[in-house]
Amino acid sequence: MGEARPQQPILRQGYLPYDIVLNILARLPVKSVIRFRCISKSYNSSITNPNFISTHLKNIKDSHDNDNENDNGFVIHMPSDNIGFQRPVCTVALDRTFDRISELGIPFDFHYIYTQIVGSCNGLLCFANSANVVYLWNPSIRMFKRLPDTCLGQLKGVTLGFSYHPENNDYKVVRISCLSLFTHEIEVYTLSSDSWRSVGTTSLTATNVMFYDKNHPLPIPLVNGALHWVSNAVEGEENHWSRMIMAFDVNSERFRELALPDGSVDENTFQRFLALFKGKLALLAWEHREQPGTQYSIWMMKEYGVIESWNKLFVVPFERVAHCIAFTEYGSLLVCYINDQAEVQGFKFVLVDTETLHEKKDPDIQHYSSVATFMESLVLFDGANVVSY
């Protein structure tokens, strides 16, 4: 027998048909939709149905794509150091300006100093702490869940990625445990099954890869259905070290190698970050300058998987040491000026438009933070073992 459809309420003459009402609801903001859950069991059942949640999400994305004149991009950020073991507060802000919109108290306890936003997909946020505890949280609907403990025997040198799997309309967390220089264990959590699976090292294209670079503090970017890490590899009989990108395909759960752009690997580069920029894979290289200070060179892979399509877009110079905190999809670069004598705490934050090089001096951030893109959605409404608050 097929799945029973929610019983439709009996409507009086002159009222809109139930399917038309649902079509209207699927185009409303999240807060407006949630209010209809209280009307009847039928409305509650329909709104928490996976098909309605997917339709609502698609409508939100289509609305944002069609409204290019407005700033529809949002970010969410929180202090990385949870000083005093207090619950950290997340701040929702505009992507281009980091102007504060609202603050959200995280509803679960970490009790560890270091916390991070692993990633964000369709309004669902993934958090982790230094004790390898992982949470999924949708603040728009006030729901969260703690993920089960690892299926691996031991976790060491962990790096995490969070992804959406469109083929199955599912969400995955990828955890790589680096037990030693070239010894890795890899597991994947799937939201639909609410469990971890070991995918072993057979998913790697080579066994001589070292996932030394955690992309910190930027989340591991999800581009073209794959999560991307900057990595090291040993090649040839002379054990030559080389840098590359390891891309984990969310569908096949296997890695592939991608080359870094020419000119991005030399002795003048401090660090490399991968990011999502206008739907494309981007590389940020933190480099020395000929003049005093540092600079960020930003490349974009215009055609995914085609190494020749890497294109250097911007060079953003700084007269002081500027450490990258975030690079948003709209091209805002958030940096921290370290040891700035003008500031009491010894550092300050600056937001830079990479196209115009315009600086916004006060992006309303006071602490070294973990940052991710954000949007409202109903994702997790239909989840199992979910806590509502």
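Details
- Candidates Arg254, Arg289: the one that is at pLDDT below 95, open to solvent by 80 Å² or more (accessible area, probe 1.4 Å) and out of contact with any Leu (no Cβ under 6 Å at 6 or more places or on another chain) is Arg254.
- Selection from the range 309-334 of residues that are hydroxyl-bearing (Ser, Thr, Tyr) and either in contact (Cβ under 8 Å) with a residue 12 or more places away in the chain or under 20 Å from Asn215 (Cα atoms) (or both): Thr328, Tyr330, Ser332
- For the range 320-334, the criterion of being touching a Gly at 6+ places or on another chain (Cβ under 8 Å), modelled with pLDDT of 90 or more, over 13 Å from Phe273 (Cα atoms) and open to solvent by 20 Å² or more (accessible area, probe 1.4 Å) is met by none of the residues.
- Residue count, the range 101-124 (criterion: touching an Asp or Glu at 6+ places or on another chain (Cβ under 8 Å) and either aliphatic (A, V, I, L, M) or modelled with pLDDT of 90 or more (or both)): 2
- Within the range 89-99, considering residues that are open to solvent by less than 10 Å² (accessible area, probe 1.4 Å) and in a loop (DSSP other than H, G, I, E, B), the one modelled with the highest pLDDT: Phe98
- Residue satisfying all of: in the range 257-286; more than 22 Å from Glu355 (Cβ to Cβ) and open to solvent by 70 Å² or more (accessible area, probe 1.4 Å); modelled with the highest pLDDT among these: Glu257
- Cβ-Cβ under 8 Å pairs, at least 6 apart or on other chains, the range 275-300 side at positive phi, far side among the hydroxyl-bearing types (Ser, Thr, Tyr): Lys278/Tyr330
- Residue that is most open to solvent (accessible area, probe 1.4 Å) [pool: residues in the range 38-48 that are out of contact with any Phe, Trp or Tyr (no Cβ under 9 Å at 6 or more places or on another chain) and assigned to a loop (DSSP other than H, G, I, E, B)]: Ile39
- For the range 292-306, the candidate set comprises residues that are open to solvent by less than 60 Å² (accessible area, probe 1.4 Å) and over 22 Å from the mean Cα position of the chain (by Cα); within that set, the residue that is modelled with the lowest pLDDT is Gly293.
- Residues that are open to solvent by 10 Å² or more (accessible area, probe 1.4 Å) and either in contact with a Pro (Cβ under 6 Å, 6 or more places away or on another chain) or modelled with pLDDT of 95 or more (or both), drawn from the range 222-248: Leu222, Asn224, Gly225
- Of the residues making up the range 281-297, just one is assigned to a loop (DSSP other than H, G, I, E, B) and of a type in the set (S, T, N, Q), namely Gln291.
The values are calculated or read from the model by the stated rules, or taken from the named source; none is laboratory data. Predicted model, so just to flag it, every value in this text is computed and none were measured. When we count neighbours, we look across all protein chains shown, and the Cβ atoms used for this are built from the backbone with ideal geometry, even at glycine. The accessibility values were calculated without ligands, DNA or RNA, using every heavy atom of the protein model including side chains. Shrake-Rupley method; radii C 1.70, N 1.55, O 1.52, S 1.80 Å.
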